[in-house]
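Written out below as structure tokens is the structure these notes cover.
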Amino acid sequence: MAKLVFLGTSNAISGEDHENTHMLLVGEKRTVLIDCPNSPFLRFQKAGVDFNRLSDLILTHFHPDHVSGVPQLLMNLWLMGHRQPLNIHGFKFTIDRIEHLMDLYVWSEWPDFFPVKFFRLPEQVLVPILDADEFRILASLVQHYIPTMGLRIESIRSGRILAYSCDTEPCAQVIELAKGADVLIHEASGALPGHSSALQAGQAARLAEARSLYLIHYPTGQFASDSLVAEARQQYDGPVTLAEDYMALDL
Ligand SMILES: [Zn+2]
């Protein structure tokens, strides 16, 4: 059965036990990393997933806490003899900058580098990213400072649906992405421009009629709050969980 593993659950300021938000979708044929802060190699090992199985990388937006690990990921894969092609998906805004970043590392001269294919997606709603026989992934432009995508992940086999808000203010696109989802994974950075509070995450889960809510991208360490779940419950009657690093959800 496919599963989603939280490799990190913190907002932009990571804590000792909470890496920046990123997650891994593990299927039988495809392994998809969703965002890439810092260096994910050790996190793959701790999650028990073979680093070399990585087939796809989805980059939600070009902020450092979501993409800073891309050069390190590509170099680590290369040094470990990765051979299979890696597909990197994102909005044009993101992919243009990732290519530019890699050019600064002169990666065109890294010998015997494995094939990397870039997919530039239009900034629209419910844009298909992946339509494999295991799962289907759709992206929608949400409301953050720069072009940012939320995701809807549907298992073809089980029919289960996971939705991920990514970094966003409350917006209709998240409600649409999460319509009838089994799980809505929603950010809870706080009621700041470009972000949402736990209360607003609860509101989104209620409006989308999602069956459960996981809070992610929340303040940790010295900024941690222990009232996030209670705040979300003020707006939403279903089960609410604070996502933690290495927690896994069946898809
Ligand atoms: Zn961001």
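Details
- Candidate set from segment 44-69 (those that are touching a residue at least 40 places away in the same chain (Cβ under 8 Å) and more than 16 Å from the ligand (Cβ to nearest atom)); member that is nearest to Leu151 (Cα to Cα): Asp56
- Residue count, segment 230-251 (criterion: touching a Gly at 6+ places or on another chain (Cβ under 9 Å) and outside any loop (DSSP other than H, G, I, E, B)): 4
- Taken over segment 135-158, the criterion of being surrounded by fewer than 18 Cβ atoms within 10 Å (Cβ to Cβ), in a loop (DSSP other than H, G, I, E, B) and in contact with an Asp or Glu (Cβ under 9 Å, 6 or more places away or on another chain) is satisfied by Tyr145, Pro147, Ile156, Arg157, Ser158.
- For segment 52-66, the condition of being part of a helix (DSSP H, G or I) and surrounded by 24 or more Cβ atoms within 10 Å (Cβ to Cβ) holds for at least one residue.
- One residue stands out in segment 67-85 among those that are out of contact with any strand residue (DSSP E or B) (no Cβ under 9 Å at 6 or more places or on another chain) and in a helix (DSSP H, G or I): the one that is nearest to Leu141 (Cα to Cα), namely Pro71.
- Screening Leu184 against (1) away from the ligand (no atom under 16 Å from the Cβ); (2) over 18 Å from Arg233 (Cα atoms) leaves a single unmet condition, (2).
Bear in mind these aren't lab numbers, they're just calculated from the coordinates by the rules spelled out. All of these numbers come straight from a predicted model, not from anything done at the bench. All Cβ positions, even for glycine, are placed from backbone atoms using ideal geometry, and neighbour counts span all protein chains on display.
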